[in-house]
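Since the structure comes first, as structure tokens, the remarks are kept for the end.
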Amino acid sequence: MGLGLFLNNWFSLFIAFVPTFSAFLYRIKVEEQALIQQFGNEYLEYKRKTKKLIPFVY
């Protein structure tokens, strides 16, 4: 994101941000599946109370 802001170009900001954010979302999905398999209902209860990536938002 810093490069896009530094270049003052919204297109480069978009190109740099979208693939990175998509990769994070995929990684979160894979890790949550592993945690559910390992901890079961205990993790599902924890997941219900907390956000995934951005506190108080998502």
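The values are calculated or read from the model by the stated rules, or taken from the named source; none is laboratory data. A quick note: this is a predicted structure, and the numbers were derived from the prediction, not measured. Every residue, glycine among them, receives a Cβ derived from its backbone with ideal geometry; neighbour counts consider all protein chains shown. Just so you know, the surface numbers come from the protein's heavy atoms only, side chains and all, with ligands and any DNA or RNA stripped out. Shrake-Rupley method; radii C 1.70, N 1.55, O 1.52, S 1.80 Å.
For the chain, the mean residue ellipticity at 222 nm estimated from helices alone is -24500 deg cm²/dmol, where every DSSP H run of n ≥ 4 contributes -39500 (n - 2.57) and the total is divided by all residues, rounded to the nearest 500.
Among the protein heavy atoms of the chain, carbon and sulfur supply 65% of the accessible surface, probe 1.4 Å, non-protein parts ignored. In the full protein context, the chain carries 91 Å² of accessible surface per residue, based on a 1.4 Å probe and ignoring ligands, DNA and RNA. For LEU25, what is the net charge nearby, where nearby means another residue's Cβ is under 14 Å from its Cβ and Lys, Arg count +1, Asp, Glu -1? With Lys, Arg at +1 and Asp, Glu at -1, the net is +2. From the square roots a ≥ b ≥ c of the eigenvalues of the alpha-carbon gyration tensor of the chain, which class results: rounded (a/c under 1.5), prolate (a/b over b/c), or oblate? The shape class here is prolate. Taking the longest Cα principal axis of the chain as reference, the axis of helix 10-39 is set at about 10 degrees.
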